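The structure under discussion appears below in the form of structure tokens.
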Amino acid sequence: MEIVLAAAIGVLTTSGVWLVLRPRTFQVIVGLTLLSYAVTLCIFATGGLRIGAEPVLREKAGELVNYADPLPQALVLTAIVISFATTALLLVVILAARGLTGVDHVDGKDRD
Amino acid sequence: MAAHLPVLPILLPLLIGALLLLTGGRRRRLEAALAVGGCIVLLVAAVALARAVDAGDGSLAITNRLGNWPSAVAIVLVADRLAALMVLLASTLGLLNTAFALSRWSRLGPYYNALSQFLLMGLNGAFLTGDLFNLFVFFEILLAASYGLLLHGSGERRVSVGLHYIALNLAASLLFLIGVSAIFGVTGTLNMAMLAERIPALPDGTRGLLHAGAAVLAIAFLTKAAAWPLGFWLPRAYEAAVPPAAAMFAIMTKVGVYAILRLGFLLFGADAGASAGFGRGWVFTAGVVTLAVGVVGILAARDLGRLAGYSLLISVGTLLGMIVFADAAAIAGGLFYLVVSTLGVAAFFLLSGLIGPDGGDTFTDPPLLEAYDPEEEAGLFTEEDERPVVISAPVGILSAGFLICTLLIAGIPPLPGFLAKVAMLAPLLAAPEGPLPGAATLLAVLVIGSSLLSLIALARAGIQIWWAEPNRIPPTIRLGEAAPLALLMLALLVLTVTAQAPLGFMQRTAAELSEPGRYIEAVLSGDAGS
């Protein structure tokens, strides 16, 4: 399971970095989104990977080994909300830049 | 009461900002009263906090665990001397900028005052938090507010610079999260005091991951501090922002410096076992190169906004070079320089907005909303008015301000810029143990050289503005703009005359920083009682 998760994070990061370095604003924003997915998975993985483990202690407190670490999940939730909001803001700025310059190049003008 | 004082600098701007959103930008008087009133109360709270923290020499930092949860899961706010100092600096700057912006700049678009309140909230939160993840949250709050402030006034140039700024900061925030998650994965906590406690005892197998996480985190901080090679965005972005926003941003780079200073001493201080002193050489190198790049930039800058941006880079470079010395006297000098250079560069940004665009830059002044027509103004002086050599009041005020800023930034006596540089250089010349061999000498030479070269650059700009261009549009200044500037200058003057008291506070701050045990005890001792 670890190798699958690690590969997923790696692929998302690679694609994200490549897209962020592209010259079109749309590619940049998709790249940043992919990067934020990779980071989300990365934070999630720091709590350890367990299948079927509950994050919240219920009825009786059993062995702690059977429960998932709830802290990374709380962190992930915060990180998702924040990166969602800032990405939405970036989208608005990109649309404004497109409207003002007429091109979707990140520098506001095409090279050629 | 004193135990809850650290919450106030965060909640107060949040409340005022929310109220300002409700006014909807239509009731100007109410808005102005709210914004300035809120900033004054915030300043009073910051002074009270600094006094409470500084009471008694051996006192511990004030810790507040919101909701009284145990510190492993609580949102912990810690106010020690360093945090109180930074909050005080942010509040001072906030008050002056808010008052300055009221007369002209805040009306260029909606919600300027609300955004600057949220920026203050994020700044104060970042300084006061005792937890890495909340540091991230407050960073995001201040960044989100700064995006709005940078775009304030709109226009093609601001939007295109804003696009770069937001994309870059989003990427840096993701690096921040990767660093935080790596550190959490290794240590199982994000509370800074608990981290400091656990790091010396880490098994050697996981220490590499901890260092990797810390290094990624430091890259995020260095991006925000605009250190070379991560700081190319700064001069363009700050030049494009409206002057009061740029002046407020002068402290944002210091948040990155603050984070490195705090974590460097707490997590990788002398007590950190095998991790002691991790990364110091790298931060020093980044600082020294930033300083050199800033000097080259300030010599090449053709307009005032750039000049101010590069002088900000010089101050960041100097600070990054200083804070890696594990020497209390050097750190105290560095802190004094931090305060003085932040205020000086902020004043310079404000002035650059009033003096107007310089040289052949195509960037035009933001449109003034008052009836002010340069051509009409120029028409008042016909050939009959023989133009007697009279220096008008605005020119007098602005050129005096420019002179003071030059002295501050270059570090010429008698202003505190000079005192700060002496306070930094004196311990450096005693050659304390640095991160790299010869580091102290190198930094001292560079700091002195940067003083001379920025003096040359600023004097050249001054000659061009005040003496060489007879056909300039006469600058205007309003009382609402002159008063905050005068207050800022007055504050700096007071800082010169009574330098002993602030310098003493910095020395106690540096001493407290060198003993991370006191911070750890202050945070963790509260748990025993609950």
- Message: Just checking: which of the helices (runs of 4 or more DSSP H) contained wholly in the range B:225-273 hold 2 or more residues that are closer than 26 Å to B:Asp80 by Cβ?
- Response: B:243-249, B:252-267
- Note on the structure: Restricted to the range B:111-131 and to residues being modelled with pLDDT under 90 and within 14 Å of another protein chain (Cβ to nearest Cβ), the residue nearest to B:Tyr519 (Cα to Cα) is B:Asp131
- Could you please tell me which pairs satisfy a Cβ distance under 8 Å, a separation of 6+ or placement on different chains, a first residue in the range B:240-259 that is in contact (Cβ under 8 Å) with a residue 60 or more places away in the chain, and a second residue that is of a type outside the set (A, V, I, L, M, F, W, C) and outside any helix (DSSP H, G or I)? B:Ala241/B:His152; B:Val242/B:His152; B:Val242/B:Gly153; B:Val242/B:Pro366; B:Ala245/B:His152
- Message: So in the range B:184-196, with the set limited to residues that are within 9 Å of chain A (Cβ to nearest Cβ) and assigned to a helix (DSSP H, G or I), which one is surrounded by the most Cβ atoms within 10 Å (Cβ to Cβ)?
- Response: B:Val186
- Could you list, in sequence order, the residues of the range A:23-45 that are farther than 17 Å from B:Ala182 by Cβ, in contact (Cβ under 8 Å) with a residue 24 or more places away in the chain and either in a helix (DSSP H, G or I) or at the interface with another protein chain (Cβ under 10 Å from one of its Cβ atoms) (or both)? A:Thr25, A:Phe26, A:Val28, A:Ile29, A:Leu32, A:Thr33, A:Tyr37
- Message: Test of understanding: among B:Gly333, B:Gly344, B:Gly321, B:Gly317, which residue is touching a residue at least 40 places away in the same chain (Cβ under 8 Å), in contact with a Leu (Cβ under 6 Å, 6 or more places away or on another chain) and over 15 Å from B:Ser450 (Cα atoms)?
- Response: B:Gly344
- Query: If you check B:Phe336, B:Phe284, B:Phe278, which single one turns out to be surrounded by fewer than 24 Cβ atoms within 10 Å (Cβ to Cβ), among the aromatic types (Phe, Trp, Tyr) and either at pLDDT 90 or above or in contact with an Asp or Glu (Cβ under 9 Å, 6 or more places away or on another chain) (or both)?
  - Reply: B:Phe284
- Quickly run through the range B:287-304 and pick out the residues that are crowded, with 16+ Cβ neighbours inside 10 Å and of a type outside the set (A, V, I, L, M). B:Gly287, B:Thr290, B:Gly294, B:Gly297, B:Asp303
- Note on the structure: Per the list (1) surrounded by fewer than 20 Cβ atoms within 10 Å (Cβ to Cβ); (2) farther than 29 Å from B:Pro416 by Cβ, residue check on B:Ala511 breaks on (2)
- Item | Answer residue from the range B:163-177, given it is surrounded by fewer than 21 Cβ atoms within 10 Å (Cβ to Cβ) and at the interface with chain A (Cβ under 8 Å from one of its Cβ atoms) and is farthest from A:Lys109 (Cα to Cα) among those | B:Ala171
- Note on the structure: Here the residues within the range B:136-150 that are facing chain A (nearest Cβ under 7 Å) and of a type in the set (A, V, I, L, M, F, W, C) are B:Val137, B:Ala144
- Query: Any idea how many residues of the range A:72-112 are in contact (Cβ under 8 Å) with a residue 40 or more places away in the chain, more than 7 Å from chain B (Cβ to nearest Cβ), β-branched (Val, Ile, Thr) and outside any helix (DSSP H, G or I)?
  - Reply: 0
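The values are calculated or read from the model by the stated rules, or taken from the named source; none is laboratory data. Predicted model only: the values in this text are computed from it and were never measured. Methodologically, a virtual Cβ is constructed for each residue, glycine included, from the backbone with ideal geometry; neighbour enumeration extends over all protein chains shown.
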